[in-house]
Amino acid sequence: MKFVFYNDTGRRVKIHPATFQECITNKEPIKHLEEREFILPEGTFAWTKMWDYEEFGLSILVTPMVDKK
């Protein structure tokens, strides 16, 4: 499963370390107007959360979730 994040924030977006536990992606911060692909385990979808830390900037967490239908 792929999830693509497009950074239109006007700022760099760092990737939260917990993202790398179950997703495969480049570890570099995501630049403005850059797309970043996250590879998730089969049968999951992406749950995302973004924080704005005043001192450190934007950070995104991407984690796979299983549909419990």
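All Cα-Cα distances of the chain, cut into 5 Å bins from zero to the largest, leave 3, 18, 29, 25, 14, 7, 3, 1, 0 percent in each bin in turn. Working from label points 7 Å from Cα in the Cα-to-Cβ sense, the Glu42 to Asp8 distance is 3.4 nm. The Cβ shell under 14 Å around Pro17 holds other residues with a net charge of +1, Lys and Arg each +1, Asp and Glu each -1.
Within the same chain, aspartates and glutamates fewer than 8 places from Lys2 are excluded, and of the rest, those with a Cα less than 13 Å from its Cα are Glu22, Glu35, Glu37, Glu42.
Taking the Cα centre of the chain as origin and assigning +1 to Lys and Arg Cβ atoms and -1 to Asp and Glu Cβ atoms, the resulting dipole is close to 100 debye.
We did not get these values from a lab; they are worked out from the coordinates using the rules stated. Computed from a prediction, not measured in an experiment: that's the story for all the values here. Please note: Cβ atoms are built from the backbone with ideal geometry, for glycine as well, and neighbour counts cover all protein chains shown.
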